[in-house]
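Participant: Below are the structure tokens for one structure; questions will follow.
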Amino acid sequence: MNDIKKIDAEKIAHTYGRFDLALKEGQGAIAKDFDGREYVDFTSGIGVTSLGYCDPDWVEAVSKQAARLQHTSNLFYTEPQVRLAEALTARTGMARVFFANSGAEANECAIKTARKYGNTRSGNIEHEIVTLENAFHGRTMATITATGQKVFHKDFYPFVEGFSYCKANDKDMLHALVTDKTCAIMMELVQGEGGVLVIDQDFVKEAETICREKDILLIIDEVQTGIGRTGTFFAYEQYGIHPDLVTFAKGIGGGLPLGGVLFNERTKDVLTYGDHGTTFGGNPVVCAGANVVMNKLDESFLQQVSSKGAYLREQLAAIPGVEDISGLGLMIGFRVAGRASADVVKDCMKKGLMMLTAKDKVRLLPPLTITKEEMDRGLAVLRSALG
Ligand SMILES: *Cc1c(COP(=O)(O)O)cnc(C)c1O
């Protein structure tokens, strides 16, 4: 472990403030370090290992595909990719999908689609995208611009043009920001990195109405909220809206890098041959794993995500000092009275529980498959750390 830390410090770019923990292996929601110490994982690699560590069906599908055909590029057809496209479109009623490798790339593709939609429709004038303050859409140049948080902007000027930021839930401001040049409104429904803040249904519905009236696109970033995380396959289902573009990533691959954009009838033909592409996107090994994730997330699985979320919330509410619980399903934020969230997370980690922060909140994104026993074990650590 000391060796790993030393090499990391010398040889890896210093962009990550890592926890003092190197993980060696895992099973379900339990990770182990190099000394064999166990940690209950309430992070799932920031919402990625949706089936927990090393789900046997996922491992089998990925290993078999790796041994059969690991990559071909998108110049050729592969079966796992089309199967996944079928599953995603059947599940959502969306028309088509583009596969990328990450959340930022998925959002880049949605942004390009929106710009082209606006530009082709009205002679290269409509190109602005309204996003929300406190949003998080990724780390590429366009997606940090879309991200309405100053901390991500400092030092990287000049930015991509054509973004404006609306205060979440401020309908008047949204109306004022939408102009003849607007081609899209883009938002998360629960701002994850922003502090696990659930956006009001009213506001989201109003955004949809504006989009329909003015023929502009509604882009929902489901990179963190999607793939069962909030108790429905996508969070937008709970809002009763029909987005034009839905971006996803994190949980879809079960631990391998995969993201994408779902297009509806209005947007499915906007991008055409030569407009967009990626070497790795929709790689067969990654898609084989994602197909296992898709197969497991049936209605009863999603019901369990909701009830596990409700259980965790109820247990958290009963812990003295825990306040301001927010989120949806197994995406949960809370504060601890009188304590910085980063300190709570560090204390718990030493005692065998992994959690995340989001701004001034503690954030939980446990694997969707977490058992009651694993939740109770994690909660016991939290209680003892706060007691
Ligand atoms: C994590 C995240 C992204 C960026 O995803 P990467 O895979 O890190 O590029 C974009 N949007 C949201 C809502 C996210 O949570």
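Participant: Take the Cα coordinates of the stretch 1-79, assign each an equal point scatterer, and use the Debye formula without solvent to give log10 I(q)/I(0) at q = 0.12, 0.15, 0.16, 0.19 Å⁻¹.
Facilitator: -0.55, -0.79, -0.85, -0.98
Participant: Right, something else. Relative to the longest principal axis of the C-alpha atoms of the chain, give the angle of the C-alpha long axis of helix 103-121, reported between 0 and 90° and rounded to the nearest 10°.
Facilitator: Long axis of 103-121 versus the principal axis of the chain: about 10 degrees.
Participant: On the accessible surface of the chain, probed at 1.4 Å, how many percent belong to carbon and sulfur atoms?
Facilitator: The computed percentage sits at 53.
Participant: A follow-up question, please. Where nothing but the Cβ of Lys and Arg (+1) and of Asp and Glu (-1) is charged, how large is the charge dipole of the chain around its Cα centre, in debye to the nearest 20?
Facilitator: That gives the chain a dipole magnitude of about 600 debye.
Participant: Same structure again: Report, for the stretch 168-303, the % of DSSP beta bridges that are antiparallel, rounded to 5.
Facilitator: In the stretch 168-303, approximately 45 percent of DSSP beta bridges are antiparallel ones.
Participant: Right, another one. Take the alpha carbon atoms of the stretch 359-375, find their center, do the same for the stretch 181-208, and report the distance between the two centers in whole angstrom.
Facilitator: One Cα centre to the other: 23 Å.
Participant: For the chain, the longest stretch holding no GluC sites (Glu not before Pro) located in a DSSP loop with at most 12 other Cβ atoms within 10 Å is which?
Facilitator: By the stated rule (loop sites, at most 12 other Cβ atoms within 10 Å), 1-160.
Participant: Counting heavy atoms of the protein chains only and a 1.4 Å probe, report the per residue accessible area for the stretch 73-201 as a whole number of Å².
Facilitator: Here the residues of the stretch 73-201 average 46 Å² of exposed surface.
Participant: What share of all Cα pairs of the stretch 134-176, in percent, falls into each consecutive 5 Å distance bin?
Facilitator: Cα pair-distance distribution for the stretch 134-176, in percent: 5, 24, 29, 20, 13, 8, 1.
Participant: Relative to the first principal axis of the alpha-carbon coordinates of the chain, what is the inclination of helix 284-296, with its axis defined by its Cα atoms, in degrees from 0 to 90 and to the nearest 10?
Facilitator: Here the helix axis deviates by roughly 80 degrees.
Participant: Here's another thing I want to ask about it. Could you grab the relative contact order for the stretch 17-159? Cα pairs under 8 Å, six or more apart, rounded to a whole percent.
Facilitator: With pairs under 8 Å counted, the relative contact order is 10 percent.
Participant: Return a whole-number percent for the relative contact order of the chain, with Cα pairs under 8 Å and 6 or more residues apart as the contact set.
Facilitator: Relative contact order of the chain: 23 percent.
Participant: Could you work out how far apart the two model spin labels at Met141 and Val82 are, taking each label as a point 7 Å from the Cα in the direction of the beta carbon, and quote it in nm?
Facilitator: Roughly 3.7 nm, to one decimal.
Participant: Once the dipole of the chain is set up with Lys and Arg at +1 and Asp and Glu at -1 on Cβ about the Cα centre, which of Ala85, Gly45, Phe334 lies farthest towards its positive end?
Facilitator: With unit charges placed on the Cβ atoms, the residue in question is Gly45.
Participant: I'd like to check one number: the per residue accessible area of the stretch 1-54, probe 1.4 Å, reported in Å² as a whole number.
Facilitator: That works out to 63 Å² for each residue.
Participant: Report, ordered by chain and residue number, the lysines lying within cross-link reach of Lys64, taken as a straight Cα distance under 19 Å and ignoring same-chain residues fewer than 8 apart.
Facilitator: Partners within reach: Lys296.
Participant: So for the chain, what percent of the C-alpha to C-alpha distances run longer than 40 Å?
Facilitator: Percent of Cα pairs beyond 40 Å in the chain: 14.
Participant: Separate question: Please report how far the C-alpha centroid of the stretch 279-326 lies from that of the stretch 125-140, rounded to the nearest whole angstrom.
Facilitator: If you average the Cα positions of each part, the centres end up 26 Å apart.
Participant: Out of the stretch 66-135, which chymotrypsin sites (Phe, Trp or Tyr not before Pro) are coil in DSSP terms and have no more than 13 other C-beta atoms within 10 Å?
Facilitator: Phe76, Tyr77
Participant: Okay, next question. Could you give the length gained by full extension between Gln201 and Asp33, i.e. 0.36 nm per residue of separation minus their alpha carbon distance, to one decimal place?
Facilitator: 56.3 nm
Participant: Then there is this: Considering only DSSP beta bridges where both residues belong to the chain, give the percentage that are antiparallel (nearest 5).
Facilitator: 65
Participant: Also, I was wondering about something else. Three principal axis extents, largest first, for the C-alpha atoms of the stretch 178-276, in Å?
Facilitator: Each principal axis gives a Cα extent; for the stretch 178-276 these are 40, 38, 21 Å.
Participant: While we're on this one: Starting from the stretch 114-181, pick out the trypsin sites (Lys or Arg not before Pro) whose DSSP state is loop and whose Cβ has at most 16 other Cβ atoms within 10 Å.
Facilitator: Arg139, Lys154, Lys167, Lys181
Participant: Protein chains only, probe 1.4 Å: how do Ile252, Ile30 rank by accessible area, largest first?
Facilitator: Per-residue accessible area, sorted high to low, gives Ile30, Ile252.
Participant: Using only Cα atoms, find the angle between the long axis of helix 56-68 and the longest principal axis of the chain, and express it within 0 to 90 degrees, rounded to the nearest 10.
Facilitator: Approximately 60 degrees, to the nearest ten.
Participant: Another question about this same structure. If you average the alpha carbon positions of the stretch 101-116 and of the stretch 44-100, how far apart do those two centres end up, in angstrom?
Facilitator: Taking the Cα centre of the stretch 44-100 as reference, the centre of the stretch 101-116 is 19 Å away.
The values are calculated or read from the model by the stated rules, or taken from the named source; none is laboratory data. No experiment lies behind these values; they were computed from the predicted model shown. Every residue, glycine as well, gets a Cβ built from its backbone with ideal geometry; the counts of neighbours run over all protein chains shown. Each accessible area value is taken on the protein alone, full model and side chains, heavy atoms only, with ligands, DNA and RNA left out. Shrake-Rupley method; radii C 1.70, N 1.55, O 1.52, S 1.80 Å.
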